[in-house]
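> One structure, as structure tokens, below. Some questions next.
The values are calculated or read from the model by the stated rules, or taken from the named source; none is laboratory data. Treat the numbers as computed from the prediction; the structure is a model and nothing was measured. Here the Cβ positions follow ideal geometry from the backbone for every residue, glycine too, while neighbour counts run over all protein chains shown.
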Amino acid sequence: MKEMTFTIQRFDPAKESAPHRESYTVSVNDGARVLDALEVVRRDHDPSLAIRSCCRAGQCGSCAVRMNGSPVLACMEEAADGMIIEPLELPVIRDLVTDIAPVLQRLATILPSEVAAGLSREEVELIKPLRECIECLSCVSVCPALKVTDFAGPTAMRQEMRCALDPRDTQDRITEAIEKGLFACTTCHRCVEVCPKEIEIPGKAIEKLRERANRAGLTLPRHRAVAELIERTGRSVERSAATFLEQVPEVIEPDGPVKMTIGFFVGCMFNGRVTKPALDAMEVMKRNGIRVVIPHEQVCCGSPLIRTGQTAIVSELKRKNIEAFTSRGIDTVMTICAGCGATLKKDYDTPFTVMDITEILLKAGYELPAKLPITATYHDPCHLLRGQGIADPPRKILEQVVERYIPMPAQCCGAGGGVRSGQPEEAAALGKLRGEAIAATGADIVVTICPFCEFHIQEQTDKPVKNLASLMLEGYKKKDQAKGGD
Amino acid sequence: MGAIEKEECHVLVIGSGGAGIRAALEAAQYGETILIGKTIAGKGGCTVMAEGGYNAVLRTDDTLSGHLEDTLKGGAYLNDPVLAEVLVNEAPDRINDLLRFGAVFDADTTCTIAQRPFGGQRYPRTCYAGDRTGHEIVMTLLERLRSSDVVIRNEVAALELAKDGDHVSGAITSTRDGEIGAIAADAVILATGGAGQIYDISTNSTAGTGDGYALGYRAGAELIDMEMVQFHPTGAVHPYDARGRLITEAVRGEGGILKNALGERFMARYDPERMELSTRDVVARSIATEVLEGRGTERGGVWLDVTHLPAEQIEERLPLMLEQFLKFGVDIRTRPMEVAPTAHHMMGGLRIRPDCRTTLPGLFACGEVAGGVHGANRLGGNALAETQVFGRRAGEAAGRSEKESRRIDPDQIEAVEGRIAAYAEGSLRPSEAVARLKRVMWDGAGIYRDAASLTTTREVVLDLLSTPLFAASGPEILDAWTAGNMMLVAGMILDGALLREESRGAHVRRDCAVRWEVSASPYGHTFISPSSRGIEVLRRFP
């Protein structure tokens, strides 16, 4: 037995206007789950505490709650001293019980067929990963798109794709999925992160449905325009002034001895629209003994096409990019765009290692810059945080560059998944939420590593949004100035 | 009597697990059907938790008679043979219904549903979807349910069956917050599942509190073989709060082996022929004996080992087991599982005819709440089949019922309200009562039984039953009511166990010498109703 104190959000809408928190100290068995601790509260402190649970084995999805801000199944997650337990971010019936039935009622259903046709092994294997959903609605409760649109939610898309994959299905799931908000998903992957069954809804359902929509000629016109641009120019953005690739040589030698040689994949945004952070990053490499090889024939990684279901030419782009690096004998490729990085790591099968700039710097070691006299917060790009699992490296570097770092909870800015081009109002609404979160931190600047986030968030905040590499370079310059002044 | 919410319909289905949903889908073809359940539809019953599979004869080299013989032999010939025959005959049709509804079972190379071996069966006839077969069935049924005309009332509990004379005419209900209501119906189907929660160690969901047995009994229906409680051989042992959690029979079906603390593959001592794939009663007793005789683990279990199987087989066929154990810090690909028996399934229940009619007019029962199909021991894989076969039958028969008075007796509502009002004056907290009940039932009415311990346990239960329960707020009312149901059902199990002075299937009386082969037992069903109780004697004693 052990004692623990923890907090529960209590709320009875019939009696209170707003939720309040209460703390309880309970004695629980070793290895007790959150649900066990809640049941002890019910038994020993307050029998009126409303919780929902059934199977106690992670199979029915009744008991999802938030533990320290993130959804968990109460029956499977180990209870911890000091934990804060809240209901899912859904309409609350009472205490930890939320109103999930209306969402479930709207999930797509297959019409019964006349004959009992068995499925083939291959068909079963395709559907299975989408079939494990226990309808706990954790995904629905965290989805950023749902906060600003009437998107039916991640699991609704999973169910549409599950139907679409079934040879027995007779309905038009594409139109249905579009009506339910197929193009609202920013592919931020927050749903996968909280799913107790780790169902890859964006990759296995949403992007696949968008592919089917594409084959049916239902791709959004703005998405189609991007695809046409890539087909024509190999790039997803129109060039404004001189591109990054036009400004740099094929090989950038470092200032001092060579510690490491890497290939550099620049990505369309840094190549064509915001070249400065990429050029700054090259300076940072130079200063830290990293030789950078930049194949000039590299093209768009294909991410804007994959996210929007326009995959016809993706394999061609992949081939070109992979060849550009392998033909030069590169074994490590650096990305500085979160989206390109996630795509190269997850959608490509590369014969070389792909690393984000922060990973490269931490691996190679880097000279400490001077600390800038500012307060900064950090915005996690979804495709870095969840797409590549990188949370700490940028924070570690940032803390060395600025006087003060203030954390900010991660949430999608709304730029990804083709939403900025396809559903600009939704993107702006999500960006606005980020703007508010940034203001709440009180930071002077916001730092990020994704050109899409950077560009998009800047429209919704009066604080400067900066790339981490640019900030490092500022730190180096300050250091040099200080030396010069000695 | 205050103003209460009243509804009416043609068929009222109580219980929203696999059997209840199947029944409601069928009944809705005949008239307005309301489905109520203590939980959100599909989430509460044990169907969604069922892991291993669904038995059906699908291949030409398997036979219906073989399935029937296995079922009767596994049931120690206490099964109602007609019900068992219905089960095996219709199981293939009902799995085909599920296929038509869109179920995704694992398939073999010829687009036929894949099957695996389960205990006590001569042929590998257990259909599956990995180790989440019940979940697959429930998801399929929910898809149908959501696009049907069935009116779903989530988180509404039935407190009492309403009666108009002898006829069951609906139910008196309660919301989560203890608000009383009534639903009148021409016919009522009980599909409330089992009562494993009566035991301290159980696989059952929190909803498995035996409400249907209690409701049926109080309304005057007859129940049979309530002493027949299946202890699943393999429940989790650790951590303490997860004790009893089901470790599917599919683990043994896939080749898992059982070892005691000395490393001996002990099943060789108890059933050398079938080994780990013996019937559940035999395996559960073998494990219990190993532990009792000091060859168990420190925590009182034995080892269930799949580490000799290829990792891919475990990942593909037992993904849920792998995931659950990982969550508790054990990688079953490299370490054995610690297991011990756990209360799992009630073979007994309301006496039904093949069309699921109970002994009360207007009342039907299907799924675990009904008795007779499995006799004294259920074969793994026969329960999911039962939910579908008898769920459909109950729905059809209830649907074909004549229009009745649909009268709810105000006196009955008043009685319910009176009982609830009395909770304010009670002294025993429901949670305390239930905790005590679970412990005494595990100790006194578990795998091994004798008259002395059953009698002592019965006294404790009667004592609990006569102690007024306390409930202060709305939500506690349901807790108290449920606790009352659990005690009543515990009493029925004990009465049945005392009445049956023989060892048969899951019921082992250590104080009764075995004088006959189970197939030649003079005893038939035990029966319990408010007006009579006893045991059927079918033939002369030897």
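> Report the residue count in segment B:97-152 for those that are within 14 Å of B:Tyr54 (Cβ to Cβ), among the acidic types (Asp, Glu), part of a loop (DSSP other than H, G, I, E, B) and facing another protein chain (nearest Cβ under 8 Å).
1
> So which residues in segment B:376-395 are of a type outside the set (A, V, I, L, M, F, W, C), more than 21 Å from B:Pro117 (Cα to Cα) and surrounded by 24 or more Cβ atoms within 10 Å (Cβ to Cβ)?
Once the filter is applied, which keeps residues that are of a type outside the set (A, V, I, L, M, F, W, C), more than 21 Å from B:Pro117 (Cα to Cα) and surrounded by 24 or more Cβ atoms within 10 Å (Cβ to Cβ), segment B:376-395 yields B:Gly391, B:Arg393, B:Gly395.
> Which one of B:Gly505, B:Gly496 is in contact (Cβ under 8 Å) with a residue 12 or more places away in the chain, surrounded by 24 or more Cβ atoms within 10 Å (Cβ to Cβ) and at positive phi?
B:Gly505
> Need a quick list: helices (runs of 4 or more DSSP H) entirely within segment A:72-168 having at least 1 residues that are within 8 Å of chain B (Cβ to nearest Cβ) and surrounded by fewer than 20 Cβ atoms within 10 Å (Cβ to Cβ).
In segment A:72-168, A:101-105, A:121-127 are the helices (runs of 4 or more DSSP H) which contain 1 or more residues that are within 8 Å of chain B (Cβ to nearest Cβ) and surrounded by fewer than 20 Cβ atoms within 10 Å (Cβ to Cβ).
> Continuing with the same structure: I'd like to verify a number: residues in segment A:339-367 that are touching an Asp or Glu at 6+ places or on another chain (Cβ under 6 Å) and surrounded by fewer than 22 Cβ atoms within 10 Å (Cβ to Cβ), how many?
Total satisfying the criteria: 1.
> So A:Val26 clears everything in (1) assigned to a strand (DSSP E or B); (2) more than 14 Å from chain B (Cβ to nearest Cβ) except one condition, right? Which one?
If we test A:Val26 against (1) assigned to a strand (DSSP E or B); (2) more than 14 Å from chain B (Cβ to nearest Cβ), just (2) comes out false.
> Out of B:Ile189, B:Ile201, I need the residue that is within 22 Å of B:Pro430 (Cβ to Cβ), β-branched (Val, Ile, Thr), in contact (Cβ under 8 Å) with a residue 60 or more places away in the chain and out of contact with any His (no Cβ under 8 Å at 6 or more places or on another chain). Which one?
B:Ile201
Per-residue answers, yes or no, for (1) over 18 Å from the mean Cα position of the chain (by Cα); (2) free of Cβ contacts under 8 Å to residues at least 40 places away in the same chain:
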site	(1), (2)
A:Val124	yes, yes
A:Arg131	yes, yes
A:Ile134	yes, no
A:Cys143	no, no
A:Leu146	no, yes
A:Glu160	yes, no
A:Cys163	yes, no
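> Can you go through B:Arg280, B:Arg245 and tell me which one is basic (Lys, Arg), in contact with a Lys or Arg (Cβ under 9 Å, 6 or more places away or on another chain) and within 14 Å of another protein chain (Cβ to nearest Cβ)?
B:Arg245 is the lone residue from the list that is basic (Lys, Arg), in contact with a Lys or Arg (Cβ under 9 Å, 6 or more places away or on another chain) and within 14 Å of another protein chain (Cβ to nearest Cβ).
> Need at least 3 residues that are surrounded by 22 or more Cβ atoms within 10 Å (Cβ to Cβ) and among the charged types (D, E, K, R) per element, so show me which helices (runs of 4 or more DSSP H) inside segment A:368-486 make the cut, counting only ones lying wholly within it.
none
> Inside segment B:167-194, can you point out the residues that are at pLDDT 95 or above and of a type in the set (D, E, K, R)?
B:Asp186, the sole residue that qualifies.
> Inside segment B:174-205, can you point out the residues that are part of a strand (DSSP E or B) and within 26 Å of B:Ser531 (Cβ to Cβ)?
Residues satisfying the conditions are B:Ala182, B:Ala184, B:Ala185, B:Asp186, B:Ala187, B:Val188, B:Ile189, B:Leu190.
> Sort through B:Arg94, B:Arg59, B:Arg100 and tell me the only one that's among the basic types (Lys, Arg) and within 22 Å of the chain's Cα centre (by Cα).
None of the other options fit; the residue is B:Arg94.
> I need a count of the residues in segment B:171-214 that are among the basic types (Lys, Arg) and either more than 14 Å from every other protein chain (Cβ to nearest Cβ) or surrounded by 24 or more Cβ atoms within 10 Å (Cβ to Cβ) (or both).
Going through segment B:171-214 one residue at a time, the tally reaches 0.
> Moving to a separate point now. Can you run down the residue pairs with Cβ atoms below 8 Å, 6 or more apart or on separate chains, where the first is in segment A:364-378 and on the phi > 0 side of the Ramachandran plot and the partner is part of a loop (DSSP other than H, G, I, E, B)?
Once the first residue is on the phi > 0 side of the Ramachandran plot and sits in segment A:364-378, its partners that are part of a loop (DSSP other than H, G, I, E, B) give A:Gly365/A:Lys259; A:Gly365/A:Asn288.
> Something else about it: Mind listing whichever residues of segment B:508-528 are buried (at least 19 other Cβ atoms within 10 Å of the Cβ) and not aromatic (Phe, Trp, Tyr)?
B:Val508, B:Arg509, B:Val518, B:Ser521, B:His525, B:Thr526, B:Ile528, listed by residue number.
> Which one is modelled with the lowest pLDDT among residues in segment A:413-456 that are under 24 Å from A:Lys276 (Cα atoms), in contact with a strand residue (DSSP E or B) (Cβ under 9 Å, 6 or more places away or on another chain) and aliphatic (A, V, I, L, M)?
Checked segment A:413-456; the qualifying residue modelled with the lowest pLDDT is A:Ile449.
> Could you please let me know if B:Gly244 is in contact (Cβ under 8 Å) with a residue 40 or more places away in the chain, in a loop (DSSP other than H, G, I, E, B) and closer than 16 Å to B:Ala365 by Cα?
Taking the combined requirement at face value, the residue does not satisfy it.
> So, one more: Quick one: how many residues across segment A:61-71 are within 26 Å of B:Ile137 (Cα to Cα) and not in a strand (DSSP E or B)?
3
> If you don't mind, there's one more thing I want to ask. How many residues does segment A:45-66 contain that are over 28 Å from B:Glu136 (Cα atoms) and either free of Cβ contacts under 8 Å to residues at least 24 places away in the same chain or more than 7 Å from chain B (Cβ to nearest Cβ) (or both)?
Of the residues in segment A:45-66, 5 are over 28 Å from B:Glu136 (Cα atoms) and either free of Cβ contacts under 8 Å to residues at least 24 places away in the same chain or more than 7 Å from chain B (Cβ to nearest Cβ) (or both).
> Report the residue count in segment A:175-228 for those that are surrounded by fewer than 20 Cβ atoms within 10 Å (Cβ to Cβ), among the acidic types (Asp, Glu) and in contact with a helix residue (DSSP H, G or I) (Cβ under 7 Å, 6 or more places away or on another chain).
Residues that pass the stated criteria total 3.
> Taking the condition of being in contact with a strand residue (DSSP E or B) (Cβ under 9 Å, 6 or more places away or on another chain) and over 15 Å from B:Ile247 (Cβ atoms), how many residues in segment B:301-310 meet it?
Selection size over segment B:301-310: 1.
> Further, regarding this structure: Among the residues of segment B:85-96, which ones are at the interface with another protein chain (Cβ under 9 Å from one of its Cβ atoms) and in contact with a strand residue (DSSP E or B) (Cβ under 9 Å, 6 or more places away or on another chain)?
Across segment B:85-96, the qualifying residue is only B:Ile95.
> Across segment A:222-249, which residue is farthest from the chain's Cα centre (by Cα) among those that are within 25 Å of A:Glu367 (Cβ to Cβ) and touching a residue at least 40 places away in the same chain (Cβ under 8 Å)?
A:Pro249
> The conditions are (1) within 14 Å of another protein chain (Cβ to nearest Cβ); (2) out of contact with any Ser or Thr (no Cβ under 9 Å at 6 or more places or on another chain), and B:Ser532 fails exactly one of them. Which is it?
Of everything listed in (1) within 14 Å of another protein chain (Cβ to nearest Cβ); (2) out of contact with any Ser or Thr (no Cβ under 9 Å at 6 or more places or on another chain), B:Ser532 misses just condition (1).
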